[in-house]
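Undergrad: Got a structure here, written out as structure tokens. Questions coming.
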């Protein structure tokens, strides 16, 4: 795999990203970096996470409510720059793939009103977004997935939507289709004790492999948060096929994946029939 790193432009507010992004690279708490979104793209990340609060009639990006600022909102930090990049690159974020980049919106405020505001905002960007519906999904340049406080309205698979749902381990055995829950995310420490030191216990590795296989068989991707930031753990996640490796250390994960990831291809979003 080769990432051709390009410099970022600060004058226009957008960045020409690397030519080929790494499908496994997920920027946890991306908005805490000096340049939200742009730093992640310059390191080849294909998934970024933004915590949002519904406040003052907008979706403001911050970890805690007392940290929100009116000019740091979902549109200005993520949706508008992504729309500019997609336009400039002929309909994609990365000119040489992957075909879609994930915007994980972690809802911190009340679920239903926040989702309604998100739905209203996403309508202005529908041409670049993945569309989800009762018969599957049509992949766009950007795939929005809602995490955190998730609205029950989002679980209604009978309607067409511009966002999907970030499931938990329990959802692997449920009947909700991948067009509603295309991603399974969970807290690493709730399921595994291994921190990356020494060998991973055999039974834990077997359980991890089982989770990944079950998710992939149903057309879903897998992500864990609260994973220790150790290359030994990243190596195991990569080996068993975990789709998104969570990190705050952009340059370190980029370097690791450049050297270690033999096959960045991930399962594609199922197209409409």
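Undergrad: If a residue has to be part of a helix (DSSP H, G or I), touching a helix residue (DSSP H, G or I) at 6+ places or on another chain (Cβ under 8 Å) and either without any contact (Cβ under 8 Å) to a residue 60 or more places away in the chain or more than 23 Å from residue 50 (Cα to Cα) (or both) to count, how many in the range 238-250 make the cut?
TA: 2
Undergrad: If you don't mind, there's one more thing I want to ask. Within the range 122-137, work out how many residues are closer than 20 Å to residue 58 by Cα and surrounded by fewer than 17 Cβ atoms within 10 Å (Cβ to Cβ).
TA: 3
Undergrad: Taking the range 64-75 on its own, how many of its residues are surrounded by 14 or more Cβ atoms within 10 Å (Cβ to Cβ), farther than 13 Å from residue 124 by Cβ and touching a residue at least 40 places away in the same chain (Cβ under 8 Å)?
TA: Matching residues across the range 64-75 total 1.
Undergrad: Just to confirm my filter: which strands (runs of 3 or more DSSP E) fall fully inside the range 114-186 and include at least 3 residues that are over 23 Å from residue 246 (Cα atoms)?
TA: Result: 131-133, 136-138.
Undergrad: Report yes if residue 84 is out of contact with any strand residue (DSSP E or B) (no Cβ under 8 Å at 6 or more places or on another chain) and under 22 Å from residue 23 (Cα atoms), otherwise no.
TA: yes
Undergrad: Quick test of your reading of the structure: residue 47 fulfils all but one of (1) closer than 23 Å to residue 184 by Cα; (2) crowded, with 17+ Cβ neighbours inside 10 Å; (3) without any contact (Cβ under 8 Å) to a residue 60 or more places away in the chain; (4) out of contact with any helix residue (DSSP H, G or I) (no Cβ under 7 Å at 6 or more places or on another chain). Name the failing condition by number.
TA: Status for residue 47: all satisfied but (3).
Undergrad: Being within 16 Å of the chain's Cα centre (by Cα), under 24 Å from residue 32 (Cα atoms) and at pLDDT 95 or above, is that true of even one residue in the range 227-238?
TA: yes
Undergrad: Also: Does the range 213-235 hold any residues that are surrounded by fewer than 20 Cβ atoms within 10 Å (Cβ to Cβ), assigned to a helix (DSSP H, G or I) and in contact with a helix residue (DSSP H, G or I) (Cβ under 7 Å, 6 or more places away or on another chain), and which are they?
TA: If the condition is that a residue be surrounded by fewer than 20 Cβ atoms within 10 Å (Cβ to Cβ), assigned to a helix (DSSP H, G or I) and in contact with a helix residue (DSSP H, G or I) (Cβ under 7 Å, 6 or more places away or on another chain), then 214, 231, 235 are the ones that fit.
Residue-wise test of (1) under 17 Å from residue 121 (Cα atoms); (2) at pLDDT 95 or above; (3) surrounded by 13 or more Cβ atoms within 10 Å (Cβ to Cβ); (4) over 18 Å from the mean Cα position of the chain (by Cα).
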| residue | (1), (2), (3), (4) |
| --- | --- |
| 146 | yes, yes, yes, no |
| 161 | yes, no, yes, no |
| 170 | no, no, no, yes |
| 175 | no, no, no, yes |
| 178 | no, no, yes, no |
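Undergrad: Taking only pairs six or more apart or across chains, which ones have beta-carbon atoms under 6 Å, a first residue in the range 213-231 that is closer than 15 Å to residue 253 by Cα, and a second residue that is in a loop (DSSP other than H, G, I, E, B)?
TA: From the range 213-231, the pairs are 228/195; 228/196; 229/249; 230/196.
Undergrad: Right, something else. Could you tell me whether residue 166 is surrounded by fewer than 14 Cβ atoms within 10 Å (Cβ to Cβ) and out of contact with any helix residue (DSSP H, G or I) (no Cβ under 7 Å at 6 or more places or on another chain)?
TA: No; evaluated as a whole, the condition is false for this residue.
Undergrad: Additional query: Just for the range 97-113: of the residues that are under 18 Å from residue 26 (Cα atoms) and part of a loop (DSSP other than H, G, I, E, B), which one is farthest from the chain's Cα centre (by Cα)?
TA: My answer is 97.
Undergrad: Note down all Cβ pairs under 9 Å where the first residue falls in the range 109-123 and is farther than 17 Å from residue 65 by Cα, the second is surrounded by fewer than 17 Cβ atoms within 10 Å (Cβ to Cβ) and at pLDDT 95 or above, and they're at least six residues apart or on different chains.
TA: Here the result reads 121/75, each pair linking the range 109-123 to a residue that is surrounded by fewer than 17 Cβ atoms within 10 Å (Cβ to Cβ) and at pLDDT 95 or above.
The values are calculated or read from the model by the stated rules, or taken from the named source; none is laboratory data. What you see is a predicted model; the values in this text were computed from it and never measured. FYI the Cβ positions are ideal-geometry reconstructions off the backbone, even for glycines, and counts take in every protein chain you see.
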